[in-house]
Every structure is written in C-alpha cells, then in structure tokens.
Amino acid sequence: MSERCFRCGAEKPAPMVGDEPVCPSCGAWSGAASYRPAASLDQESVSIVPEAELPLAVQATLEVEPGGFRPESHIEDPRELRADYERLRAAYLFHRYAGGEDHPPALLENLLRLAFELLPADRGAVLLREEAGAPLIPAAARERGPGRVSLSIPERILRAAVEGRRAVLSTDATSDARFAGSESILRANVRSAMCVPLVGFREVLGVIHLDTREQTGAFTAKDLSLLSVLASQAALALDRLWLRRQVEQEARLRERLSRFFPPPVLSEVIERGLDLTREGRTGPVSVLFCDIRGFTALAERLPPREVLRLLNAHFERLVAVVFRHAGVLDKFIGDALMAVWGAPIRRSDDARRALSAGLEMLVAVREFNRARPPEWPELQVGIGINSGEAVVGTVGSALRMEYTVMGDAVNLAERLCAMAAPGQLLLSKQTLLQCAAPGRAAPRVRSLSELPVRGRSGPVEVFECLDLP
C-alpha cells in the first residue's frame, strides 16, 4: 500500500524505508505506522456505546491534566531526547500544515494519520458537532491493520472529555477505578484509551479518541500531551475554516437579500439570526402597492428597450424611497411595486413609515417626470396602503423560493391601489388608526366614505391621504 505525503502530495512508500523519518520531497514525516483510513464513514462501524448518567462526583474524577515532557536538563537518555524532538517536530509540521489547510476532511484525516504514526493506537476516530449542544457525529476514522474499521467509543469517556473540556487518559479502562461499573467501556472492548476535546474559541467542536483492544499501559502522560497539542491545533484550524465559511455565507446572504432589504433591516436580520426560510407565521404588517396608470398604452409608444430603461429608472427612485423608510421590497409585478413594513422586523410605527414612504413616492414621481428624457412619456401612479394581519414566509419550489406576505390585508392594499386616481394615495381605516396613535400627529386625510371593493362582500371605508405632519 502506498501513501501520499499530507503536506506536498508526493507519493511515498509505507512502511517507511530505512530510518528516514521525513518525506524526501518536502521534509514532512513519512511514518512507519500501518493504518487504513475509513473509506466511507457511512459504511464503517463507528458508534457511541451509551449508558446511564454518571453522578457529578464521579464525573469530576475523570479529568486528567496532560503532562510528561520534561525539561532537557532532566533527560539523561539521549534516545528519549531524540524521540521527544521528533514528536515535537512532527507537531510543529502539523501546526504549519493545519494553518493552510482549507478542507476539513483532509485536516481530520491527517490528524489521525499523524496520531497513528506517533502513538501506539489500534483504533481512532474524530467526532464533531454540527452546532453547539448537538450530538457528536463521526467525521473520520482509522484502524491499524487490515479489515473493516470497527470502532465503538464508550459514552462515559466522551462525556468526560466534552463536558469537562479536559483530556482523558486511561492505561487500562476495563480495570480503571474511575470507570468502575461502566458498561459502555466493557462493551466497547477498550483497554488503553485517550480522548481529547477539540476546544474552539467559544465551544467544544468535537473530540479525537484513540484506544487499544488488548494492550494495557499503551499510552503515557507524554502521549496525552502530544495528542492534546495536535487536537488544539486542529481545533484552531477548524474554527478558522468554519469562521471563514460563516463570513462567506453571510456575504452571499447579504448580496442576495440586499436587493429586497434596506441595509439597517438586513443587518438586523443577520445579527438576530432570523430564519427567512421557515414555515409561514401570522403577524401585523403594513402593505403598499404603487402602480403606473395607463402603462399599457405608454408601452405601445416606446420600443421594448426604452420601456425597460424607463421602468428601471422609475423603480430605482421608488426602491430608494422604500429603503429610506426601512421598508422591505416584496416584489415587482409588471409596472407595479409591492413593499412591506412589519416583516421580518416589526416596529411600532410601521404604518406611519409606509404612509410616509407613499407620500414621498408621489414626490419622487413628479421629480422623475421633470428629469426624464424628452422622448419618455410622463408617468402617473396610484398608491394603496393597508394594515392588518398577514401570513409571512417563503413560497415557491425547491428551485426558487420567494420571501413574501400573503392574505386579506395584502389583497385590500392591492384593491386600494387599483382604485386610486393618478397622483392619489388611498389608505384603509386600519392604517389611519395606526398612524394616529397617541403621541403622534394624525395624517391629514379626506374621507371617501365607504366604497365597494372588488372581491369583498361589503363596502370598505377609504381615505385619501393629503399630508403627514
């Protein structure tokens, strides 16, 4: 069986030729250990053997402080000094490698590879958590010698390492008084064992576990120290990779959502970790529709490219108004725009923000008409605003999802927009009442009394907004 150097990728024989401990290509270790990586953890047997909860007093006795590397002046045997040097040099090379590794599976495989080359383990595995508090899941596994990887890890040892955030060493787990009565250790057929937590910046990311089946006293305190150093380096590398992945995901999320959310709302959505993909929830919202009057006739007078340019220039101004008032752009519907206040972030003055945005849109359209190219027609819009309960969530297929609001409150806002005359802003009584809350100046409106609205069984009280002090 041939191996490749984890650092440079050069093919090297296994076992090692002669006494040379390094890769001839780049200087990394060659290693004499014979091991077999788990080809697929889905097909390998890596399991956790459970047992009943332990008393806290027993749990405390499982904490072991790693140690064993003595000062050079205390070492008389030069062979021990050379062996310690080679181990620490290997740890240094792994530190350099881990700092540049961008692929977590490769990092974990090489962590186990080095552990098997330096330590007398029969079996080993790395288990990780997907998030804080989640169960440990096997991520990499190895077993010395031929045959199928089969590893059962005692829950008691795992819990000692994770909950105590301390390295665990047992020279004979089956007779260790600290593990007396542990069914999981007996069932897992563990003699000597080491289990070291991968401690990240804020939490335990996982563990690395090594054990032997038959040999007692296989591991020493010095072995535990070395494995702890390697685990610490791997944990820092994983934290770096996961942090970078989180930053990249947040950047992609910001880019995707920045078209619909104003920067303050977008920042709050990300900081609060709001889930925009969950199933719909019902909540109060204020919905605005703005529609160009007579657009079909206008479009017939212009070439298609000019129609597209006109719409984009028009929407550019309207979306800026929505964002200035902390609204969310829900969608474009042909020549119409739909905006929402109250989802995903709810504020006490959502209705007032929507009404203020609607009035500013009328001003923006007048400014657009004054600045438009002479070949473009003058635009007139109608605006409708309603407030009420709506379902907020994502709708669509697995190929394309859309965050939106739905319900009767949305339908009424659309009907009011359709009823509005050019240059007119219509609002419902619900929106008026929310805008005229105690301590706020009431909008100046003109009552249009009760009007029949398409799709509703009875008339609706409608108001035209003239001003908002």
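A short reminder: the numbers here are calculations on the coordinates, not readings from a lab. Bear in mind the structure is a predicted one, so any value in this text is a computation, not a measurement. Using ideal geometry, Cβ is built from the backbone for each residue, glycine included, and neighbour counts are taken over all protein chains shown.
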In nm, spacing of pseudo-spin labels at Asp467 and Glu214 (7 Å Cα→C-beta vector): 9.7 nm
Neighbour-count ranking [beta-carbon atoms within 10 angstrom, fewest first] of Glu163, Glu271, Glu130: Glu271, Glu130, Glu163
Length added when fully stretched, Arg148-Glu130, from 0.36 nm per residue minus Cα-Cα: 3.9 nm
Cα-centre dipole for region 194-344 with unit charges at Cβ (Lys and Arg positive, Asp and Glu negative), debye to 20: 420 debye
Inter-label distance, nm, simple model (7 Å from Cα along the C-beta direction), Arg366/Leu241: 6.1 nm
Nonlocal amide H pairs with Ile153, under 5 Å, H built at 1.01 Å: Ser47, Ile48, Val49
Modelled label reach - Arg301, point 7 Å along Cα→Cβ, region 360-376 residues with backbone N closer than 12 Å: 374-376
Two-decimal log10 I(q)/I(0) for region 297-347, as the Debye equation yields it once each C-alpha is a single scatterer, q = 0.28, 0.30 Å⁻¹: -1.06, -1.14
For region 408-469 versus region 379-402, the gap between their alpha-carbon centres in whole angstrom: 18 Å
In nm, spacing of pseudo-spin labels at Glu271 and Leu308 (7 Å Cα→C-beta vector): 3.9 nm
